[in-house]
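Heads up: the structure comes next, in C-alpha cells.
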Amino acid sequence: MMRVGWALALFVLSCSEAPVEPMAPVGVVRGVVHFAPQRLRVGDVATVEVAVVTPPHTELGEIRWPANVPGLSFIETLALETERETHRWVHRGRMRVRAIEIGQHRWPETQLEVRPADGERGELVLAGDTFEIVSTLSTRPDQLSAFGLRDPTGEASQRDLALAAAAGAAGALACVALFLVLRRRTKKPSRTTAAEIPAEPGRVAEAELARALELLALDPHASAQCAGSALRAFAVHRFGAPIETRTTEELALMRPPRNMRSRWKHLIEILARLDDVRFRPASAEPPRDALASTLEAAREFVRDASPERS
C-alpha cells in the first residue's frame, strides 16, 4: 500500500498545470517564470506562467508584466486564484502570447512586491526564460529552379519541333480559310427598285396634306384630322419630337426640342388652328377658307423643314 500511495503522489505532482519550485521552508519566498513551449513557430500561441511559493498569509502585489517583448504579441493576461495550503501559499499569474518574429529571444525579469503578514515589504525579482521562434516554412524549397537542367535527346527535340511547326502551319491555314469565307459572305450592294426605297418624311407628309386638301370640300373635320396627324408624324420622324400622344395645349407648355426651337412656335400655331376645326361643334359651319389657308401653311412648314428642300 505504501508503494501505491507514493506512485499516486508522484502522478499528481507530474500532472500539475505549471512547474512549481519544491516546497520551500517556512519563511522562504521563491518563484519561477516558465515559458512553454520554448520552441514555437510563427503564429503559434505560448503560455508564460509565474509561480511564487510563500509562507501562509503572505500577499503579493500585482505582477508587473513587461510592456513588450521582442518576437511576441500579447493576447491576454489571467490572474489565477491563490492555492492556500497549510504550510505554504502558491500564487500564480498567466499570460498568453503569440509568436510573430523568428529568432532567439528571452523573456525579461519579472518583479513582484511581497507583503508578509508580520514583516516588512520586499521586492522579489524572478529570472527570465529563453525561447526560440522558427519559420513555418521548411529549411529549403522543394525545387530550387522552375525548370531543371536536362539534356533532351536529339530524336525528341526534332519530333517536338516538327509537331510545333505543323501546328503553326495548320493554324495559319485555318485563319486564311476563315478570312476567305467571311469575305465571300460579305453582302454586296444590291440594286433596289424605287418602291423598295423608303420615302422621306417630307414626301409622306406632303402626300397626306394633299389628301387633306381633297377632303376639304367633302368633310372639313376629316380634312383637319388628316392634316394634324400628318404634321405630328412629320415632326416625330423628322425631328424626333415626342408629340404624337400630347395635346396642343400640352405642347405649348413644354420646352421645345433643341432642333425645333425656330419652328416650334409656328408648328403649335398650325396645330391650334387645325384643332379649332376638328373640335368645332357639328352644328357650326366649318370655316373652309380658313382651313384651306391652314393647310397651305402646313405644306409650307413641311417643305421648309424637309432636308431635301432646305
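Of the residues making up segment 86-113, those that are in contact with a strand residue (DSSP E or B) (Cβ under 8 Å, 6 or more places away or on another chain) and polar (S, T, N, Q) are Gln104, Thr110, Gln111.
If we scan segment 213-232, do we find a residue that is charged (D, E, K, R) and touching a His at 6+ places or on another chain (Cβ under 8 Å)? So far as segment 213-232 goes, no, none of its residues is charged (D, E, K, R) and touching a His at 6+ places or on another chain (Cβ under 8 Å).
Cβ-Cβ contacts under 8 Å between residues 6 or more apart (or on different chains), taken from a first residue in segment 262-285 that is closer than 15 Å to Glu300 by Cα to a second residue that is among the aromatic types (Phe, Trp, Tyr) and modelled with pLDDT of 80 or more, are listed as Arg263/Phe301; His266/Phe301; Leu267/Phe301; Ile270/Phe301.
Kindly establish whether Glu83 is assigned by TED's automatic domain parsing to the domain that holds Leu126, acidic (Asp, Glu) and in contact with a strand residue (DSSP E or B) (Cβ under 7 Å, 6 or more places away or on another chain). Walk me through it before giving the result.
Numbers: assigned by TED's automatic domain parsing to the domain that holds Leu126: yes; acidic (Asp, Glu): yes; in contact with a strand residue (DSSP E or B) (Cβ under 7 Å, 6 or more places away or on another chain): yes.
Considered against the rule, which asks whether it is assigned by TED's automatic domain parsing to the domain that holds Leu126, acidic (Asp, Glu) and in contact with a strand residue (DSSP E or B) (Cβ under 7 Å, 6 or more places away or on another chain), Glu83 comes out as yes.
Looking at Arg258, Arg263, Arg288, just one residue is among the charged types (D, E, K, R) and surrounded by 15 or more Cβ atoms within 10 Å (Cβ to Cβ), and that residue is Arg263. Out of the residues in segment 206-237 that are part of a loop (DSSP other than H, G, I, E, B) and free of Cβ contacts under 8 Å to residues at least 12 places away in the same chain, which is surrounded by the fewest Cβ atoms within 10 Å (Cβ to Cβ)? Top of the filtered list is Leu218. If you filter segment 36-61 down to residues that are part of a loop (DSSP other than H, G, I, E, B) and of a type in the set (S, T, N, Q), you find that the one that is surrounded by the most Cβ atoms within 10 Å (Cβ to Cβ) is Thr58.
Please specify each residue of segment 4-33 satisfying the condition of being buried (at least 16 other Cβ atoms within 10 Å of the Cβ) and at pLDDT 50 or above. Within segment 4-33, Val29, Arg30, Gly31, Val32, Val33 meet the criteria. Taking the criterion of being surrounded by 13 or more Cβ atoms within 10 Å (Cβ to Cβ) and within 21 Å of Ala51 (Cα to Cα), the residues of segment 123-135 that qualify are Leu124, Leu126, Gly128, Asp129, Phe131. Taking the conditions (1) outside the structural domain of Arg299 (by TED's automatic domain parsing); (2) modelled with pLDDT of 85 or more; (3) not polar (S, T, N, Q) in turn, Ala194 satisfies each one other than (2). One residue stands out in segment 90-122 among those that are surrounded by 14 or more Cβ atoms within 10 Å (Cβ to Cβ) and of a type in the set (A, V, I, L, M): the one that is nearest to Pro55 (Cα to Cα), namely Val90. Counting only helices (runs of 4 or more DSSP H) that sit wholly inside segment 238-305, those with at least 1 residues that are closer than 21 Å to Ala207 by Cα and in the same structural domain as Ala212 (by TED's automatic domain parsing) are 264-278, 288-305.
Here is the figure for segment 62-89: residues that are loosely packed, with under 14 Cβ neighbours inside 10 Å and in a loop (DSSP other than H, G, I, E, B) total 9. Tallying residues that are farther than 16 Å from Phe279 by Cβ and within 60 Å of the chain's Cα centre (by Cα) within segment 211-230 yields 1.
The values are calculated or read from the model by the stated rules, or taken from the named source; none is laboratory data. Worth saying up front: this structure is predicted, and the values here are computed from it rather than measured. Cβ atoms come from the backbone with ideal geometry, glycine included; neighbour counts cover every protein chain shown.
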